[in-house]
Amino acid sequence: MSKLKKNLIAAAVLMAGFALAIGSYLLLAPDNRGSGGLDVQPAAEALPVRENSHRLTEPKKSELTFVEFLDFECESCGAYYPAVEQLRKEYGDRVTFVARYFPMPGHRNGELAARTAEAAARQGKFEEMYTKLFTTQKEWGESQEWKESVFRGYAKELGLDMARFDADLADPEVAGRVQADQRDGLGLGVQGTPTFFLGGERITNPASYEAFKALIDARLSD
């Protein structure tokens, strides 16, 4: 892990703390109805992982589950992305990595990006769209313009059936799938992104790749 990536993670920790404070306010604000797709209630029996959760790795013998509640437009999630990818490469044969949607209020395209990933998932391309959205985040994130045309371009690049993609993107069941993840997140106390769970337990966001790695190593050695 390069010094630059370490610094990005440290900055992400600070941004995540700020986002948590802002996110907590927005989640609880009475005028937040319909904002950012967070007009949902916490799940009565919230779980970090469900059978239909998107797994980025599926080891033959999983020793640990790593879950991230994320927002594709979240800058902190984008800063953590390289570290998570490195962890995936290193532990993918032992750890199940899971991505769950939690688009935050205030992000114009966060919920749309989540639906874009879910529409891609319906054609077996979740991981490819997950990667595309994070690696291009600086091109579309933090914009007040609607980026559906940009996301359709990504779908075309991935070779998706565009008629099916468009239909899925507008399908209420796709939006409902995103909200189902949000309900679990809210039920588990998630208030900002990224929020990580290891072995079903929420962890404080590590300040470096090495700290992340140490946490995983400790859980694997238990």
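Worth pointing out:
- Legend: residues Ser76, Ser221, Ser208, Ser62, sorted from most to least accessible area (1.4 Å probe; ligands, DNA and RNA excluded), read Ser221, Ser62, Ser208, Ser76.
- The calculated FRET efficiency for Arg164 paired with Ala207, based on their beta-carbon distance and R0 = 45 Å, is about 0.60.
- Split the accessible area of segment 150-194 by element, probe 1.4 Å, and carbon with sulfur accounts for 49%.
- Here segment 79-222 is treated with +1 on each Lys and Arg Cβ and -1 on each Asp and Glu Cβ, and its dipole about the Cα centre works out to around 40 debye.
- On the basis of the beta-carbon distance and an R0 of 35 Å, Asp217 and Glu157 show a calculated FRET efficiency of 0.40.
- The residues of segment 120-222 present an accessible area of 47 Å² per residue when probed at 1.4 Å with all protein chains retained.
- Mean-position separation - Cα centroids, segment 79-146 and segment 153-222, in angstrom: 7 Å
- Shape class for segment 44-133, computed from the alpha carbon gyration tensor (a ≥ b ≥ c): prolate, with a/c not under 1.5 and a/b above b/c.
The values are calculated or read from the model by the stated rules, or taken from the named source; none is laboratory data. Note that the structure is a prediction, hence the values are computed from the model and not measured. Methodologically, a virtual Cβ is constructed for each residue, glycine included, from the backbone with ideal geometry; neighbour enumeration extends over all protein chains shown. We work out accessible area using only protein heavy atoms, side chains counted, and drop any ligands, DNA or RNA first. Shrake-Rupley method; radii C 1.70, N 1.55, O 1.52, S 1.80 Å.
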